[in-house]
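These notes are about the structure you will find just below.
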Amino acid sequence: MPRKTMLITGASSGIGAATARLAASDHDLALHFNANWDGIEEVAAECRAQGARVTTHRADLADPDCVPVLFEEFDAEHGRLDALVNNAGVVDEAARVADFTPDRVARMVAINLTSPMLVAGAAVRRMGEGGAIVNVSSAAAKHGSAGQYVDYAATKGGLEVFSKGLAQEVAAQGIRVNAVRPGIIATPIHGKGGQPDRVDRLGPTVPMGREGSAEEVARAILWLLSDHASYVTDTVLDVSGGR
Ligand code: NAP
């Protein structure tokens, strides 16, 4: 069987990097990143060592105009697109809604919602009559993240509604669209939001008594993308230890 081609946004770290590592044995990979050059080079090298053809693509998704440029690069390197992991995302420092600034909210919406919608649209155009997309949401979309980052939770809620609508729109053309909703997962994102101890603090409060790993989320993503999930579309899979 020919290797399928997968595009993963935010593949330089955390869940995106784990997904790339687990997909590399049977996929060619287009790995997107923004600032973490060392991270993407390390992930790309590990994937190449497993036999994958790997290209890397830098784009700052805070600027949605970068999306067409990202796909021009993709087109120059790859023939078709079979699978998209719409994963890149950010949190921000904990703040109450009353203290949000326009810049903070605009950045969050651009990276977590505007760009992922444009990325998914560009992916659909390249999938034609068959493919699979997983949008990476968050348990925050269920809980709201009061006092932490309600703006983040709102972008993830928006992404889930987008995921539903897109799934319905493209189901008849053989493209499946699903989302995962990770809970407390041990990745660098918490430190970037100014809470490096967040996983240690909240892990024990999860019904399963611990945080999740990036690999545990990656396995759920890869199952949804695989032919084992051939009759699964328009769903959101909680990967959150019961949280
Ligand atoms: P992470 O380790 O911080 O990885 C985030 C990825 O997003 C990195 O590859 C990063 O690229 C990329 N990114 C950040 N800002 C970007 C920008 N402006 N433009 C383009 N790419 C950008 O975090 P993670 O935990 O793996 O997060 C992956 C996804 O899971 C996110 O959508 C997040 O909301 C979601 N999630 C995570 C958790 C959790 O507990 N970890 C829970 C629920 C949902 P660079 O590093 O190269 O800049």
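Could you do me a favour and compute the accessible area per residue for the range 4-239, 1.4 Å probe, result in Å²?
About 44 Å² of surface per residue is accessible.
Using alpha carbon centroids, what distance separates the range 188-243 and the range 32-49, in Å?
Using only Cα atoms, the two centres lie 22 Å from each other.
Using a Gaussian network model of the chain with C-alpha springs under 10 Å, which one of Phe162, Phe71, Phe100 is most mobile by mean-square fluctuation?
Phe100
Which percent of the accessible area of the chain is formed by carbon and sulfur heavy atoms (probe 1.4 angstrom)?
Numbers: 5840 of 10890 Å².
Reported share for carbon and sulfur atoms: 54 percent.
Per residue of the range 209-225, what does 6.51 cos²θ - 1.76 cosθ + 1.60 with θ = phi - 60° give for ³J(HN,Hα)? Whole Hz please, x for Gly and Pro, Karplus curve as stated.
x, 7, 6, x, 9, 4, 5, 5, 6, 4, 5, 5, 4, 5, 5, 4, 7
If the reach is capped at under 19 angstrom between alpha carbons, list the aspartates and glutamates near Lys156, excluding any in the same chain fewer than eight residues apart.
Asp60, Asp63, Asp92, Glu93, Asp103, Asp234, Asp238
Which of these, Ala122, Ala172, Ala214, has the largest mean-square fluctuation under a Gaussian network model of the chain (Cα springs below 10 Å)?
Ala172
If you add up the charges near Ala95, with Lys and Arg at +1 and Asp and Glu at -1, over every other residue whose beta carbon is less than 14 angstrom from its beta carbon, what do you get?
Values: positive: Arg96, Arg104, Arg107; negative: Asp92, Glu93, Asp99, Asp103, Asp151.
Neighbour charge sum, excluding Ala95 itself: -2.
Over every pair of different alpha-carbon atoms in the range 64-174, take the mean of 1/r and invert it; report that Kirkwood radius in Å.
Details: mean 1/r = 0.0668 Å⁻¹.
Kirkwood radius, the range 64-174: 15.0 Å.
Ordering Thr55, Thr101 from largest to smallest accessible area (1.4 angstrom probe), what's the sequence? Each step should come with its number before you reach the end.
Details: Thr55 15, Thr101 70 Å².
Listed by decreasing accessible area, they come as Thr101, Thr55.
Which residue, Asn87, Asn36, Asn178, has the most motion in a Gaussian network model of the chain that connects Cα atoms within less than 10 Å?
Judging by the Gaussian network model, the answer is Asn36.
The values are calculated or read from the model by the stated rules, or taken from the named source; none is laboratory data. Just so you know, these numbers come straight off a predicted model, no measurement behind them. A quick note on method: Cβ atoms are made from the backbone with ideal geometry, for glycine too, and the neighbour counts reach across all protein chains shown. Only protein heavy atoms, including side chains, enter the accessible area calculation; ligands, DNA and RNA are left aside. Shrake-Rupley method; radii C 1.70, N 1.55, O 1.52, S 1.80 Å.
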